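Just so it is clear, none of the values below were taken in a lab; they were calculated from the coordinates. Worth saying up front: this structure is predicted, and the values here are computed from it rather than measured. Methodologically, a virtual Cβ is constructed for each residue, glycine included, from the backbone with ideal geometry; neighbour enumeration extends over all protein chains shown.
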Amino acid sequence: MKKIIFLLIVATNFSFSVFAQSDRYVGAMASTLQEFGAAKTAEEFAAAEAKFERIADAEKTQWLPYYYAALVKGRMAQQGMGGDADKVADDAQALLDKAAALSPNNSEIFCVKYIIITAKLLVDPQSRYMQYMGPMTEALETAKKADPTNPRPYALQAIGLKNTPEQFGGGCTPAKPLAQKALDLFGSFKPASPLNPNWGKEMVEGIIKDCK
């Protein structure tokens with residue numbers, strides 16, 4: 001009887017420990033996501049990214065903190081924040097590789113891969129166009145195949161076309177239908193949890209508004 005009681009106590013303590021750890025993880029992720037959403041300066045983006053990395057290092061089986069750390073760094077590289085854009089993009093890819101190892105064939109991860117490749121292209125678009133356009137297209141197409149219900153591949157494609165000069169096949173004409181498709185998908189898309197990716201709707205709404 002004493003052995004059974006001891007085992008029950010151990011099991012209860014173990015379950016409480018796992019629950020408490022999960023609760024801490026969710027709280028840390030939620031607060032850092034809020035910081036990321038409110039970030040405007042390079043310092044604020046860098047602070048949010050560093051927190052995601054710390055969470056990832058503490059929760060080594062979770063792909064989301066690595067994903068968000070890579071997303072923040074990818075956006076920083078696109079916007080020229082944090083120093084050398086190539087290095088920031090390479091750092092983002094290293095983090096994304098860790099997320100991909102934990103969650104293979106994940107549509108969201110391929111979307112961030114597209115962002116990182118785009119950042120590399122933007123360093124010198126004229127000389128890098130041929131090198132990076134193929135991988136960018138491949139990343140989005142793979143993201144679509146991995147999850148046809150995910151609006152973000154279409155949102156990113158629409159943004160890319162909207163920002164491409166018309167003489168190179170861009171502008172509102174090709175971008176608007178993709179933005180509308182993304183918006184339609186946003187109407188039915190439900191993230192797996194409150195922490196899972198759910199960004200991009202405002203971007204496509206902006207394209208549709210600009211392209212009336």
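Computed values, structure above
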{"item": "Rounded to 10°, Cα long-axis angle of helix 85-102 versus longest principal axis of the chain", "result": "50 degrees"}
{"item": "Leading residue at positive end of dipole, the range 25-139 (Cβ point charges), from 62, 72, 111", "result": "111"}
{"item": "Cross-link reach list, aspartates and glutamates versus residue 190, counting only Cα pairs under 17 Å and skipping chain neighbours closer than eight places", "result": "108, 147, 202"}
{"item": "Segment residue 57-residue 127, extension gain: residue separation times 0.36 nm, minus the distance between their alpha carbons", "result": "21.5 nm"}
{"item": "Cross-link table 60/201; 40/73; 60/144; 73/144, entries beyond 19 Å C-alpha to C-alpha", "result": "60/201; 60/144; 73/144"}
{"item": "Fewest-first sequence of 168, 36 by Cβ atoms within 10 Å of each Cβ", "result": "168, 36"}
{"item": "Lys/Arg +1, Asp/Glu -1 at C-beta; the chain dipole; positive extreme among 192, 211, 177", "result": "192"}
{"item": "Cα-centred dipole magnitude for the range 25-139, charges only on beta-carbon of K, R (+1) and D, E (-1), debye, nearest 20", "result": "120 debye"}
{"item": "Normalised contact order of the range 63-164, rounded percent, pairs of Cα under 8 Å and 6 or more residues apart", "result": "27 percent"}
{"item": "Charge dipole magnitude, Cβ of K and R +1, D and E -1 - the chain, Cα centre, debye nearest 20", "result": "600 debye"}
{"item": "Set of aspartates and glutamates with alpha-carbon distance to residue 120 below 18 Å, sequence-local pairs under 8 removed", "result": "84, 86, 90, 91, 97, 138"}
{"item": "Over 26 Å (Cα to Cα) - which of 87/181; 113/181; 87/145; 51/176 fall in this group", "result": "87/181; 87/145; 51/176"}
{"item": "Helical contribution to [θ] at 222 nm, DSSP H n ≥ 4, -39,500 (n - 2.57), averaged over the chain, rounded to 500", "result": "-26500 deg cm²/dmol"}
{"item": "Cα gyration tensor, the range 61-212 - rounded (a/c under 1.5), prolate or oblate", "result": "oblate"}
{"item": "Degrees between helix 172-188 axis and first principal axis of the chain (Cα, 0 to 90, nearest 10)", "result": "20 degrees"}
{"item": "Degrees, to the nearest 10: 152-162 long Cα axis against longest axis of the chain", "result": "30 degrees"}
